[in-house]
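Visitor: Structure provided below as structure tokens; questions to follow.
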Amino acid sequence: MKRRNFLEKTLATSGALLVPGATVAAINNKEAVPIDKNDNETVFDEVIIERPVSGKPHQGKVLAVIQPHCDDIPIFAGGTVAKLIDEGYTGYLIRTTNDDAAGSGKNYGEVVANNEADTEAVARVLGLKKTYHLNYRNHNMDENNIQEIKARMIFLIRMLKIDTVICYDPWAPYENNPDHYITGRAVEAAITPAASHLDYPEHLDLVKPHSVAERYFFTRRGPQYVNRIVDISKYIDKKVESNMVNVTQGPAGNNGSILRKKLAAEGKSLPILGDDDRTADFNYIKHFVLDIESPRLRFAPSDKKIGEKYGLEWAERFHYIGPLHSNQDDYITKNAVPLKR
């Protein structure tokens with residue numbers, strides 16, 4: 001398939017690399033949608049639908065939720081974070097900037113403090129154990145040495161024994177915010193060295209090498225390689241709540257109650273916003289930010305429309321990288337014989 005035709009089909013499916021008319025095959029609690037293997041632009045064999053699992057299948061695992069700004073994770077991955085925490089992960093939130101160039105406040109210090117407070121509130125709503133603020137200047141992460149950012153990430157991976165990461169996709173082609181792509185690239189660059197004894201050996205007096213097994217990468221602009229759809233229908237209200245506490249910046253927060261008051265001043269009302277501020281904020285986020293106005297407010301497809309493509313009520317999409325399957329282990333299992341004594 002020519003590149004132009006491929007991109008047209010990609011854009012038509014909002015970035016999910018699906019072949020029109022593809023069927024779904026069941027794989028335990030997940031489902032796979034086949035992709036055209038003859039297309040040299042396609043790098044994944046299937047799209048996995050990840051559904052909620054009962055119990056605590058991830059008990060003992062550690063999740064790192066990494067964002068440059070206080071509103072990134074709630075907007076793009078809040079449902080998946082809530083799902084994984086509910087399934088047993090211990091989670092940590094890492095914010096790379098201090099958000100000094102965005103948000104509300106009477107002065108520079110108040111803007112920084114308000115964004116930090118919102119970040120901590122998001123962590124509490126999503127059930128994350130602790131927040132780490134790296135405090136790089138907002139919108140200026142490309143002026144920092146990526147080796148320094150990587151070294152800090154490696155130390156956190158080792159110290160927290162991180163198994164799974166959720167972060168901006170380092171390979172998203174049309175991301176124009178340096179905070180987003182530098183954070184993603186630093187995280188990706190840190191993941192392999194974190195397992196090595198040779199990188200930053202001075203760490204090893206305090207921490208041991210540790211491997212990250214899984215990455216969930218999200219993006220906000222343009223097409224993206226998508227090979228995992230996470231069913232967040234059960235967690236959509238938790239995602240909304242994580243956006244409600246993020247009031248100092250972003251499209252969510254208290255913008256619903258602000259719109260409700262604006263309409264009232266004009267002698268109008270919008271039934272979907274309800275009769276009180278909390279209902280207005282909740283419904284505005286759920287129905288406008290995450291659905292109706294998502295392309296304008298988040299530069300991303302509606303969570304509801306993503307879900308509908310896969311027979312789900314609400315969903316988030318990711319470029320997922322997990323452990324590589326060992327064909328050697330399969331071969332040993334099939335062919336190993338007892339030693340002759």
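Visitor: Averaged per residue, what accessible surface does the chain expose to a 1.4 Å probe, in Å²?
Guide: Using a 1.4 Å probe on heavy atoms only, each residue of the chain averages 49 Å².
Visitor: Please work out the C-alpha center-to-center distance from segment 177-220 to segment 127-169 and express it in whole Å.
Guide: The two parts, judged by their Cα centres, are 8 Å apart.
Visitor: When the gyration tensor of the chain is built from Cα positions, what are the square roots of 5 times its three eigenvalues, in whole Å, from largest to smallest?
Guide: 34, 27, 19
Visitor: Would you kindly give the portion of the calculated P(r) for segment 291-341 that falls above 14 Å, as a percent of all Cα pairs?
Guide: In whole percent, the long-distance tail amounts to 70.
Visitor: With angles folded into 0 to 90 degrees, how steeply does helix 146-160 sit against the dominant principal axis of the chain? Use alpha carbons for both and round to 10.
Guide: 80 degrees
Visitor: Moving on. Rounded to the nearest 500, what is the 222 nm mean residue ellipticity of the chain from helices alone, with -39500 (n - 2.57) per DSSP H run of 4+ residues and division by all residues?
Guide: -10500 deg cm²/dmol
Visitor: Could you tell me the largest-minus-smallest coordinate of the C-alpha atoms of segment 257-341 on each of the three principal axes, in descending order and whole angstroms?
Guide: Rounded to whole Å, the extents work out to 91, 22, 20 Å.
Visitor: OK, next. Which value, in Å to one decimal place, does the Kirkwood hydrodynamic radius take for segment 91-240 when every pair of different Cα atoms is included?
Guide: 16.7 Å
Visitor: Tell me, what are the semi-axes, in whole angstrom and largest first, of the equivalent ellipsoid of segment 221-279 as set by the roots of 5 times the Cα gyration tensor eigenvalues?
Guide: For segment 221-279, the ellipsoid semi-axes come out as 29, 14, 12 Å.
The values are calculated or read from the model by the stated rules, or taken from the named source; none is laboratory data. From a predicted model like this one, the values you see are computed outputs, not experimental measurements. Just so you know, the surface numbers come from the protein's heavy atoms only, side chains and all, with ligands and any DNA or RNA stripped out. Shrake-Rupley method; radii C 1.70, N 1.55, O 1.52, S 1.80 Å.
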